[in-house]
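This report concerns only the one structure given below.
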Amino acid sequence: MNDLFLKSAFSQKTERPPVWMMRQAGRFMPQYWEIKNKYSFLEMCKTPEIAADVTMLPVNLLDIDAAILFSDILVTGEAMGGDLSFTQGVGPKFANPVRTQADVDALNIDCLDKLQYVADAIKVIQQRLNGRIPLIGFAGAPFTVMSYLIEGGSSRDFKLTKLFIHNQPALAHQLLAKIAKVTADYLNMQIAAGVNAIQIFDSWAQALAWDDYKEFSHNYIAQIISQLNRKDIPVISFCKGSSVFAPLMAEAKPDVISIDWNVDLLDIKQRLPENIAVQGNLDPHILYADKAVIKDRIHRLFDRMKDTPGFIFNLGHGIMPDIPFDNVKYAIDVVREYQY
Ligand code: 1CP
């Protein structure tokens, strides 16, 4: 197996930094659309052979050092009772948003059977990978999943979610505790099914003030991480806002913290405990730029991180759907050719 990714995740020395990219199994690839045009997004997630096909697209086309399961962070919300749909151009929608005590009470926490299709997909993907590179499983962090349940979909300002935690903190904690329980069970199911690493996505944490992040997000991530059967399975904690929250994120004891692009990566690495690796942190917009710029920015980051074990190259957030495929491929080639 290509073990660059696992070695770096456990802060061991490697001959070059490993590379994978958030949203690598997605819409920037023409081959994704060939599949997507035939099925709905949830059909793709729920059919193990199709989920495996999409997971394998970047593996076969891009030569990355880790694969990520094709699924979505919102499947936990659906399994708990959310009426989830994805509409082209609109994004995810929960038709029955969670706003009252009765709504919270109605959510089911014994729902792993509804997520069995994910375990099935992991088994098919591992057969296809055949030990070539590690497979990353994932889930949404409770705060980010809660925001979709409360808002009923995507949000620009998280107005309803923030009102909910500020005006009904006890109810928010009940909801977060339920999501955290399902998430820990779900991630342990993925580990049992064979993933080689776990990433927790708290994409919208940057909306929160420090105290609110600690109380309504960090505490639940810490609880989930402490419950994982994680022997030999590195845990990556990602949030937008990690350039600010990383010292607190470290207290939850992940193996890796995935850092957004607002901060100097070496500077933040040096402020973290030595055994915590960092992942990141190229501004995804660099991948729209000219190839010379892409190469220069990757080299700049690598020169900065030289001699620092525990560095996984990634973007600060996901690849945008309209980034040219050729630029993504070029960036990965630049990484692969780099010699420390
Ligand atoms: O229309 C389509 O074809 C569906 C687009 C799509 C895809 C390809 C969605 C809907 N989800 C996904 C896959 C997905 N989602 C993966 C697969 C693995 C990968 O390639 O990385 C992963 C890890 C996710 C996780 C996810 N879903 C996050 C966290 C990561 C991030 O990017 O911040 C979030 C916030 C979602 C919600 C979601 N799902 C889909 C969309 C369009 C959105 C975002 C909507 C919004 O902006 O609120």
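At 222 nm, what helix-only mean residue ellipticity would the chain give, in deg cm²/dmol to the nearest 500, using -39500 (n - 2.57) for each DSSP H run of four or more?
-14000 deg cm²/dmol
Where nothing but the Cβ of Lys and Arg (+1) and of Asp and Glu (-1) is charged, how large is the charge dipole of the range 27-281 around its Cα centre, in debye to the nearest 20?
My answer is approximately 140 debye.
Starting from the 7 Å offset along Cα-to-Cβ, what nm value, one decimal, do you get for the label separation of GLU34 and GLN227?
In this crude label model, GLU34 to GLN227 measures out at 4.1 nm.
Would you mind calculating the gained length between ASP322 and ASN108 on full extension (0.36 nm times residue separation, minus the Cα-Cα distance), in nm to one decimal? Present the calculation step by step, with values, prior to reporting the outcome.
On the way: separation 214, 0.36 × 214 = 77.04 nm, distance 3.71 nm.
So the chain would gain 73.3 nm between ASP322 and ASN108.
Could you work out how much longer the chain between HIS173 and TYR288 gets when fully extended? Use 0.36 nm per residue separation minus the Cα distance between them, nm to one decimal.
Values: separation 115, 0.36 × 115 = 41.40 nm, distance 4.05 nm.
Value of the extension gain: 37.4 nm.
To the nearest 10 Å², what's VAL90's accessible area with a 1.4 Å probe?
Roll a 1.4 Å probe over it and VAL90 shows about 100 Å².
With every protein chain in place, what's the accessible area of TRP210 (1.4 Å probe, Å², nearest 10)?
Solvent-accessible area, nearest 10 Å²: 110 Å².
Can you list which of the DSSP-assigned H helices in the chain have a Cα extent of 27 Å or more along the long axis and an average Kyte-Doolittle score of at least -0.5? Don't skip to the answer; put the middle values down first.
On the way: long enough: 169-193 (35 Å, 0.57).
Taking the DSSP H segments of the chain (at least 27 Å long, mean hydropathy at least -0.5), we get 169-193.
Amide H of ASN281 versus every other amide H placed in the peptide plane: which residues, excluding those fewer than 5 positions away on the same chain, fall under 5 Å?
Amide H neighbours of ASN281, under 5 Å, 5+ apart: ASN314.
Would you mind telling me which residue in ASN37, ASN314, ASN96 has the biggest mean-square fluctuation in a Gaussian network model of the chain, where springs connect alpha carbons within a distance under 10 angstrom?
Fluctuation is largest for ASN37.
Could you tell me the center-to-center distance, by alpha carbons, between the range 77-123 and the range 213-228 in angstrom?
20 Å
Let me cross-check ARG336: its accessible surface, 1.4 Å probe, with only protein heavy atoms counted, in Å² to the nearest 10?
About 80 Å², rounded to the nearest 10.
Calculate, in nm to one decimal, what THR47 and LYS295 gain on full extension: separation in residues at 0.36 nm each, minus their alpha carbon distance.
Values: separation 248, 0.36 × 248 = 89.28 nm, distance 3.78 nm.
Length gained, THR47 through LYS295: 85.5 nm.
Counting only residues 5 or more places away or on other chains, whose amide H sits under 5 Å from the amide H of PHE158 once H atoms are built in the peptide plane?
Correct list: empty.
Using +1 at the C-beta of Lys and Arg and -1 at the C-beta of Asp and Glu, which of TRP204, ASN262, TRP33 has the Cα lying farthest in the positive direction of the dipole of the range 27-281?
Of the options given, the answer is TRP33.
The values are calculated or read from the model by the stated rules, or taken from the named source; none is laboratory data. Every value quoted in this text rests on a predicted model; they were computed, and no experiment measured them. Counting neighbours? That spans all protein chains shown, and the Cβs are built from the backbone with ideal geometry, glycine included. SASA here: full protein model, heavy atoms, side chains in, ligands and nucleic acids out. Shrake-Rupley method; radii C 1.70, N 1.55, O 1.52, S 1.80 Å.
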